[in-house]
Amino acid sequence: MKILLSSICYETGTDLQLALYYLKSYLLKYTQIPDQRLNVKIQVFNENQPINEIAKKIINQRPSLVGFSCYLWNIERTLRICRLLKKNDQEIKIVLGGPEVSHRAEDILSEEKAVDIVVRGEGEATFLELVDVFWRREAKLPRIKGISFREGRKIFHNPDRPNIAELGMIPSPYLNGLVNLKGENILDVPLETTRGCLYRCSYCYYHKNFTCLRFFSLKRIEKELKFILSQRPSEVYLMDATFNANYQRAIKILKIFRKYNRGSSLHLELMAEFVDERLAQVLGKIGFVNIEIGIQSTNPRTLRAINRPFDKERFRRGIRFLNKFNLFYEIQLIDALPFQSYDDLKESLEWLYDLHPSKVVILRLVVLAGTVLRQQAARYGIKHSFTAPYQAYKSNAMSETDVLKVDKLRFAMDRLYDSQVFQETLYALKAKAGIKISTIMDDWIIWESKILRKGYNYVEVLNNKLPEFMHYLLRKNKKLFMYKLFLPGLQAKLDEYKRTYYR
Ligand code: B12
Ligand code: SF4
C-alpha cells in the first residue's frame, strides 16, 4: 500500500510539517500491515509551486491514498489539487485532516466530490485505523471514530474520538529517525512539549482541535532537544499554546535547552503575567529568544467578550523583567474584535509603548470556522470573508474604513517604532512636547498619505523625510518652537542608520 502524506507550506516551504511526521510515526509503530507491504512517503510543497506541477508530482508516484494536512493558508489550493488527482484516478483515496477541515467536514464533503474522508481533530489514532481498514479492504468506515465520509450521496459523521490520553504513545519523529535535519533546508524545527490549552479564547480553534491539555514527558523532551540542537538548526519553534502556563516545567525545559544549545534561537509563546525575575533570567541565558505575547486587547469589555484573561498590573511587571534581561518579544493585538474600536487600539498602543516593548503588532482578526466567535459574529456586528483566510472587515466598533485605517496604523508602527530610527524621538516628543505616541502615529498617517512618489526605495525616502515629518507634526500640534530641540537626536539616528544600511 503506497501512501503519500502532504501539505502546502506557508511562506518558505522549508518548514517541517510536524503533523505529517507524527501521523507517519504512529502508523509505522502500530499498524497491522507488514513492513514490506507499506510505503509511506512525506512530501511537502510550497505555495509558489503551480497546482498542476504539484498534482503531477503526486500522480507520478502512483499512491493509493493521499493525506493532506489542511490549514487556512493552504485549503483552497489543496482542494484544487484534490480535484486534479481524482480526475486522473477515480480509485485514489483522498483524506484531509488538520484544523482547517475538522469543523468543515460537512461542507467540504458535500461540495468537493474529490475528497473521500475528513479526519476531525487529533489525527494519529484515527489515521492508523483508517489505513488498516483500507488495507484489509473492509467496509468498516462507520466504526472509525473521528471521521466524516461520503457513501453514495449521503455524508456520515462518526462520533468524535477522545484525545490520546498518554502523549508518550506517539513516537517522536526526531528520535525514531524519520526526520532528517541534515538533508533538508529547514530553518525552524518545530517541537510540541504540550498539546491543548488551559484557556478557551472565543476566536481560537486550537483548543477545539485538541480538547484537553496534555504534556510530553520531560525525559522525552530532553532526548528530542539533545538530538535537534546537535544538528544546529537556526531556530527551535515551540508549538505550545502558553509555554509558561506551568512555571516549574517551563524553567526545566529552558535549562534543558540551554544545556544542549549550540547557537540555535528559541521561539515560544508565553503569558507575560506569569513571568517573574527568575524566568526572565533563565530566558536571558538562552542566547536569542523570540517571544510572542498575545494580549489581543486591553479593553475589559473586549476581553470579556472573547473570554480572554488579562491582568494589567501583573503584565506590566512581567514586561519589566523581560526588558531587564534584554529579551526580544512581540506583543500582539487583534483589530476588529467585539467592542474594540480604532481609538481603543490607539489607547492600547499608548499604554504598551509606555512599557518600552521590543515590538507591538496588530494582527487582522480571522473568524475561523468552528470557533465560538464565528457563531457570535452577527451578535458583535462582525462581517468577514467566508473563504480562507476569513478576515474580518467590520465589527460593532469598527467601520470598514476603520479596519482599512488599521493597515495604515500598522505601517506607521513599523516606520516610527519598529525600524528604530524614530523610536527615541517618539519618546522624547511624548516626554518633552507632551504629544501622545498614538497622536504622532495618526499625524504620520495623514502626512504620509500626501507623499506622491511611493515607488522603489520608498522606505529610504520616508526615512530621509523624517525631519520634514517632525516639522509638520510640531507645527500641527503648536510646538514648532521645539523643533531644534529634537532635530539633533533624530539626525544622529538617521546618520547611524545610513552608515549601517546604505554604505
Ligand atoms: C506553526 C503555526 C503557524 C506558522 C505556519 C508555519 C508553517 N509553514 O506551517 C505561522 C507562524 C506562519 C502561522 C501563521 C498563522 N496561523 Co498558525 N499556527 C501554527 C501552530 C502554532 C502550529 C501548527 C502545528 O504544526 N501544530 C502541531 C500539529 C501536530 O498539530 P496539527 O497541525 O493540528 O495536526 C494534528 C491534527 O490537526 C491532525 N492533522 C493535521 N494534518 C493532518 C493530515 C491528515 C491526513 C490527517 C489524517 C490528520 C491531520 O493530526 C495532527 C496530529 O494530531 C498552530 C497552533 C498549534 N499549536 O497547533 C497555529 C494555527 C495552525 N494557526 C492558526 C492561525 C489562525 C494562524 C494565523 C491566521 C494567525 C494570524 N492571525 O496571523 C496565521 C495565518 C497565516 C496566513 N496568512 O494564512 C490557527 C489555524 C486555524 C485553521 N483553520 O487553519 C491555529 C490552529 C492556531 C489557533 N489558535 O487556532 N501559524
Ligand atoms: S488563543 Fe492561545 S491561549 Fe487562547 S485558547 Fe487559543 S491557544 Fe489557548
Given (1) within 12 Å of ligand 1 (Cβ to nearest atom); (2) surrounded by 14 or more Cβ atoms within 10 Å (Cβ to Cβ); (3) of a type outside the set (Lys, Arg), number of the condition VAL133 does not satisfy: (1)
Qualifying positions in the stretch 420-452 - outside any helix (DSSP H, G or I) and of a type in the set (A, V, I, L, M): VAL421, ILE435, ILE451, LEU452
So LEU23 ticks every box in (1) modelled with pLDDT under 95; (2) within 30 Å of GLU235 (Cα to Cα); (3) part of a helix (DSSP H, G or I) but one. Which box is left unticked? (1)
Are any residues in the stretch 317-342 surrounded by fewer than 23 Cβ atoms within 10 Å (Cβ to Cβ), of a type in the set (S, T, N, Q) and within 16 Å of ligand 2 (Cβ to nearest atom), and if so, which ones? GLN332
LYS2 vs. criteria basic (Lys, Arg), away from ligand 2 (no atom under 16 Å from the Cβ) and surrounded by 21 or more Cβ atoms within 10 Å (Cβ to Cβ): no
Given the criteria farther than 26 Å from SER341 by Cα, aliphatic (A, V, I, L, M) and surrounded by fewer than 19 Cβ atoms within 10 Å (Cβ to Cβ), does VAL461 qualify? yes
Go through the stretch 115-130 and give me each residue that's charged (D, E, K, R), more than 9 Å from ligand 1 (Cβ to nearest atom) and in a helix (DSSP H, G or I). GLU129
Going through the stretch 159-194 in order, the residues found to be among the polar types (S, T, N, Q) and over 28 Å from PHE215 (Cβ atoms) are ASN185
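Conditions (1) part of a strand (DSSP E or B); (2) within 26 Å of LEU167 (Cα to Cα), marked per residue:
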position	(1), (2)
LEU28	no, yes
GLN32	no, yes
GLU53	no, no
ILE58	no, no
ARG77	no, no
ARG83	no, no
ILE94	yes, no
For the stretch 1-17, does any single residue satisfy the condition of being in a strand (DSSP E or B), more than 14 Å from ligand 1 (Cβ to nearest atom), out of contact with any helix residue (DSSP H, G or I) (no Cβ under 7 Å at 6 or more places or on another chain) and touching a residue at least 60 places away in the same chain (Cβ under 8 Å)? yes
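Residue by residue, here is whether (1) in contact with a Ser or Thr (Cβ under 8 Å, 6 or more places away or on another chain); (2) modelled with pLDDT under 95; (3) more than 16 Å from ligand 1 (Cβ to nearest atom) holds:
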residue	(1), (2), (3)
LEU303	yes, no, yes
PHE315	no, no, yes
PHE325	no, no, yes
ILE331	no, no, no
ASP344	yes, no, yes
Return yes when ALA165 is at pLDDT 95 or above and touching a strand residue (DSSP E or B) at 6+ places or on another chain (Cβ under 9 Å) and no when it is not. no
Quick one: which residue in ALA241, ALA245 is within 10 Å of ligand 1 (Cβ to nearest atom), outside any helix (DSSP H, G or I) and either modelled with pLDDT under 95 or under 30 Å from LEU109 (Cβ atoms) (or both)? ALA241
Against the conditions (1) exposed (fewer than 14 other Cβ atoms within 10 Å of the Cβ); (2) in contact with a Ser or Thr (Cβ under 8 Å, 6 or more places away or on another chain), where does PRO171 fall short? Just the number, please. (1)
What are the residues in the stretch 196-210 that are more than 9 Å from ligand 2 (Cβ to nearest atom) and part of a loop (DSSP other than H, G, I, E, B), if any? PHE210
Check GLY152 against each of (1) more than 14 Å from ligand 2 (Cβ to nearest atom); (2) in contact (Cβ under 8 Å) with a residue 24 or more places away in the chain; (3) small (Gly, Ala, Ser) and name the one condition it does not meet. (2)
So the check is Cβ under 7 Å with 6+ separation or different chains; which pairs have a first residue in the stretch 295-307 that's under 17 Å from ARG364 (Cβ atoms) and a second one that's of a type in the set (Lys, Arg)? GLN296/ARG308
Scan the stretch 413-442 for residues that are crowded, with 20+ Cβ neighbours inside 10 Å and without any contact (Cβ under 8 Å) to a residue 40 or more places away in the chain and report the count. 2
It is to be established whether one or more residues within the stretch 356-375 are buried (at least 16 other Cβ atoms within 10 Å of the Cβ), over 21 Å from the mean Cα position of the chain (by Cα), modelled with pLDDT of 95 or more and at negative phi. no
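Give the residue that is nearest to ligand 2 (Cβ to nearest atom), with candidates limited to residues of the stretch 73-121 that are of a type in the set (Asp, Glu) and in contact with a strand residue (DSSP E or B) (Cβ under 8 Å, 6 or more places away or on another chain).
Ranking the qualifying residues of the stretch 73-121, first place goes to GLU106.
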Could you check the stretch 197-220 and list, in sequence order, the residues that are more than 11 Å from ligand 1 (Cβ to nearest atom) and touching a Phe, Trp or Tyr at 6+ places or on another chain (Cβ under 9 Å)? none
Answer yes if at least one residue in the stretch 272-281 is more than 16 Å from the chain's Cα centre (by Cα) and under 18 Å from LEU18 (Cβ atoms), and no otherwise. no
I'd like to check something: does the stretch 243-252 contain any residue that is within 16 Å of ligand 2 (Cβ to nearest atom), in contact with a strand residue (DSSP E or B) (Cβ under 7 Å, 6 or more places away or on another chain) and more than 21 Å from LEU178 (Cβ to Cβ)? yes
Does the stretch 459-475 include one or more residues that are more than 18 Å from GLN420 (Cβ to Cβ) and either under 37 Å from the mean Cα position of the chain (by Cα) or in a loop (DSSP other than H, G, I, E, B) (or both)? yes
Taking ILE291 as the residue in question, decide whether it is touching a helix residue (DSSP H, G or I) at 6+ places or on another chain (Cβ under 8 Å), in the same structural domain as CYS201 (by TED's automatic domain parsing), outside any helix (DSSP H, G or I) and within 16 Å of ligand 1 (Cβ to nearest atom). yes
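The values are calculated or read from the model by the stated rules, or taken from the named source; none is laboratory data. Quick caveat: nothing in here was measured; it's all calculated off a predicted structure. Cβ atoms come from the backbone with ideal geometry, glycine included; neighbour counts cover every protein chain shown.
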